[in-house]
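Data block below; observations after.
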Amino acid sequence: MHPNYKAVDWVKYSAELGNKLHQAGILADTHISSLALLDNYIESLTCTIQDTTATHAPAARPSPSSKCWWTPELSNLRCKYAKLSRIEFASRSSLTFAETRAQCSVAHNCYNSTLRCTKVAHWKNWLKDITEDNIWKAGWMAQSQISDGSTTCIPTLFDKALDSSILHEYTTAAEKQEVFK
């Protein structure tokens, strides 16, 4: 998790960082005469800043609907595919249509294969680093039925008698299909 810098009290952060830098002997006017001293100075400075950040910046909680697996590479491939798709559409009645269609197809395949590989790699890493809290989520995801995530378009159908009592209820897709036939 990365720090949520929006929730930091910067006055307290600055005060504590100043105290920790002073205690560690990290001063702005320090004379650095060798590479070893520079490395030590930078390491001390970095550790002090990271320690203060860990104390004052709470961990960010990403939205559960965010695409944690999305990468800048996917953004570039998607833009490239979209651009070639527009060029293909514009050239549909010209002599270069076959060539632009082939280029667009290659870009589409590259984007889709990278997208699938990224999602699989993210899933594997998530499973590798799973915690006790997430074990139940993993079990639920593994056992749930594969769907497109949408709700059923056709609601439950009922066969009613004249007195409005329910004779039969059709809930599955196969039963609804038979009713419509």
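The values are calculated or read from the model by the stated rules, or taken from the named source; none is laboratory data. For clarity, every value in this text was computed on a predicted model and none was experimentally measured. Note that each Cβ is placed from the backbone with ideal geometry, even for glycine, and that neighbours are counted across all protein chains shown.
Apart from one condition, Thr152 fits all of (1) at pLDDT 85 or above; (2) over 21 Å from the mean Cα position of the chain (by Cα); the exception is (1). Filtered by the rule that a residue be surrounded by 15 or more Cβ atoms within 10 Å (Cβ to Cβ) and of a type in the set (Gly, Ala, Ser), segment 45-84 gives a lone residue, Ala57.
Let's see how each residue does on (1) aromatic (Phe, Trp, Tyr); (2) modelled with pLDDT of 95 or more; (3) within 22 Å of Asn112 (Cα to Cα); (4) touching an Asp or Glu at 6+ places or on another chain (Cβ under 7 Å):
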position	(1), (2), (3), (4)
Arg61	no, no, no, no
Ser66	no, no, yes, no
Pro72	no, no, yes, no
Leu77	no, yes, yes, no
Tyr81	yes, yes, yes, no
Ser93	no, no, no, no
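Screening Leu167 with (1) exposed (fewer than 12 other Cβ atoms within 10 Å of the Cβ); (2) part of a helix (DSSP H, G or I); (3) in contact with a strand residue (DSSP E or B) (Cβ under 6 Å, 6 or more places away or on another chain) gives one miss only, at (2). May I ask you to verify whether Ser105 is over 35 Å from the mean Cα position of the chain (by Cα) and among the hydroxyl-bearing types (Ser, Thr, Tyr)? It is false that Ser105 is over 35 Å from the mean Cα position of the chain (by Cα) and among the hydroxyl-bearing types (Ser, Thr, Tyr). Taking residues in segment 50-71 that are closer than 18 Å to Lys124 by Cα and free of Cβ contacts under 8 Å to residues at least 60 places away in the same chain, and partners anywhere that are among the polar types (S, T, N, Q) and surrounded by 14 or more Cβ atoms within 10 Å (Cβ to Cβ), the pairs with Cβ atoms closer than 7 Å and at least 6 places apart or on different chains are Trp69/Thr118; Thr71/Thr118. If you go through segment 1-16 and pick out every residue that is part of a helix (DSSP H, G or I) and closer than 29 Å to Thr131 by Cα, you end up with 3.
Which one is farthest from Leu45 (Cα to Cα), of the residues in segment 3-14 that are of a type in the set (A, V, I, L, M) and surrounded by fewer than 13 Cβ atoms within 10 Å (Cβ to Cβ)?
Looking only at segment 3-14, we keep the residues that are of a type in the set (A, V, I, L, M), and these are 7-8, 11.
If we keep only those that are surrounded by fewer than 13 Cβ atoms within 10 Å (Cβ to Cβ) as well, we get 7, 11.
Values: Ala7: 23, Val11: 19 Å.
Residue satisfying both the conditions and the ranking: Ala7.
For segment 17-26, indicate whether the set of residues that are part of a loop (DSSP other than H, G, I, E, B) and surrounded by 11 or more Cβ atoms within 10 Å (Cβ to Cβ) is non-empty. Scanning segment 17-26, I find at least one residue that is part of a loop (DSSP other than H, G, I, E, B) and surrounded by 11 or more Cβ atoms within 10 Å (Cβ to Cβ), so the answer is yes. In the set Thr100, Thr96, Thr30, only one residue is assigned by TED's automatic domain parsing to the domain that holds Trp10 and either of a type in the set (Ser, Thr, Tyr) or touching a residue at least 12 places away in the same chain (Cβ under 8 Å) (or both); that residue is Thr30. For Ile130, the conditions (1) within 22 Å of Glu73 (Cβ to Cβ); (2) surrounded by 12 or more Cβ atoms within 10 Å (Cβ to Cβ); (3) among the aliphatic types (A, V, I, L, M) all hold with the exception of (1). Examine segment 20-39 for a residue that is in contact with a strand residue (DSSP E or B) (Cβ under 6 Å, 6 or more places away or on another chain) and either among the hydroxyl-bearing types (Ser, Thr, Tyr) or over 30 Å from Asp129 (Cα atoms) (or both), and state whether such a residue exists. Within segment 20-39, none of the residues are in contact with a strand residue (DSSP E or B) (Cβ under 6 Å, 6 or more places away or on another chain) and either among the hydroxyl-bearing types (Ser, Thr, Tyr) or over 30 Å from Asp129 (Cα atoms) (or both).
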